[in-house]
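Notes to accompany the following structure.
Values in this text are rule-based calculations from the coordinates and carry no lab data. None of these values were measured; they are calculated from a predicted model. Positions of Cβ are backbone-derived with ideal geometry, glycine not excepted, and every protein chain shown enters the neighbour counts.
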Amino acid sequence: MSIEKIKDNVYAITDGSTRGNVAAYVLPSQVVFVDSGMHIPLMKKFREQIEQETGKKASVLFITHAHGDHVFGNQIFEDCQIITSELTHKAMVDSKQNNWTPEALEEWKKNSEDPKALDGLKIVLANKTFADEYELIDGDVKVIIKRTGGHTEGSSYVYCPNYKVMFAGDNLFNHSFPWGGTPTSDPVKWAEAIDEYLSLDAEHYIPGHGSISGKEPLEEFLEYLNKVIALMKDMIAEEKTEEEIIKKADKIEYYPPKEGREQWKKLSLKKWYEVLNS
Ligand SMILES: [Zn+2]
């Protein structure tokens, strides 16, 4: 695990050791973490190291969305406010009841690179929710969490205008194909979200997976997404079949999915077609 110090007061882990990226914003009197990854011992170490280095305590964990690789470290923050959108909370409650069964969690454990990553896993839900936006103010520093939808309907980003750092969660997969096949994925909301990210006064964008960047990968992704949406809308208007539409959309060039995730592209295109055709 390597902790990147992005700038004074902002730290992140983006090397894949925690699966989903995680970050910490150091505010005047407290530390705010974003997402908890899916490696419990490393998340514990991250929290301890930042608290030790800054002499400040963790107070809040913001959750961008409900996927296991972003929330399975929540138990490290049980003594904090765990804040997420109502829709993400609802999705986590639903996953806890229906998807994260003991058998399914065994599968997650088997598939994680470090066999000890999920030892002692306990599903911890948010204890505070917001509908669309929540602001935390500490001294003269503000941190905003705002829901946009996109990757999932509850997907939210975290932005600190003072530090000019935003955390996008899985609405950004820098330089690889995103996962757009979730039940509530929406390409139009997703494109609107990226547009909004670009309008922020941010110097550093932290994706859900991949490395930290400036605005370039966002512009690239937005261009791709807009091409897919325009093509699909045109072909739907021309009453082309689903198969024809997905086949043509598949030819629009963009980064391929990561190894082992080859099905992501087809499933994402299928989902986006369904949304645009509804
Ligand atoms: Zn996700």
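For residue 266, the shell of other residues with beta-carbons less than 15 Å away shows a net charge of +2, using +1 for Lys and Arg and -1 for Asp and Glu. Most simply put, the chain has about 60% antiparallel DSSP beta bridges, counting only bridges with both residues inside it. For segment 238-278 and segment 77-148, what is the centre-to-centre distance using only Cα atoms, to the nearest Å? Between the Cα centres of segment 238-278 and segment 77-148 lies a distance of 29 Å. Sorted ascending by nearby beta carbons within 10 Å, beginning with the fewest, 142, 116 become 116, 142. Note down the net charge around residue 52, summing +1 for each Lys or Arg and -1 for each Asp or Glu among other residues with Cβ under 15 Å from its Cβ. So the environment of residue 52 carries a net charge of +3.
Looking at segment 184-278, the GluC sites (Glu not before Pro) that sit in a DSSP loop and have at most 10 other Cβ atoms within 10 Å of their own Cβ are 238, 239, 253, 259. Using the rule -39500 (n - 2.57) for each DSSP H run of four or more residues, divided by the residues of the chain, the 222 nm mean residue ellipticity is -11000 deg cm²/dmol. Spatial offset of segment 189-236 relative to segment 1-73 amounts to 24 Å, using the alpha carbon center of each. For the chain, taking Cα atoms only, Rg and Dmax work out to 18.5, 62 Å respectively.
Counting other Cβ atoms within 10 Å as a rough exposure proxy, the listed residues 89, 70 run 89, 70 from fewest neighbours to most. Here the simple spin-label model places points 7 Å from the Cα toward Cβ, and for residue 270 and residue 244 these points are separated by 2.1 nm.
For segment 1-148, the relative contact order comes to 20 percent (Cα pairs under 8 Å, sequence separation of at least 6).
The C-alpha atoms of the chain define a longest principal axis, and helix 40-54 lies at about 60 degrees to it.
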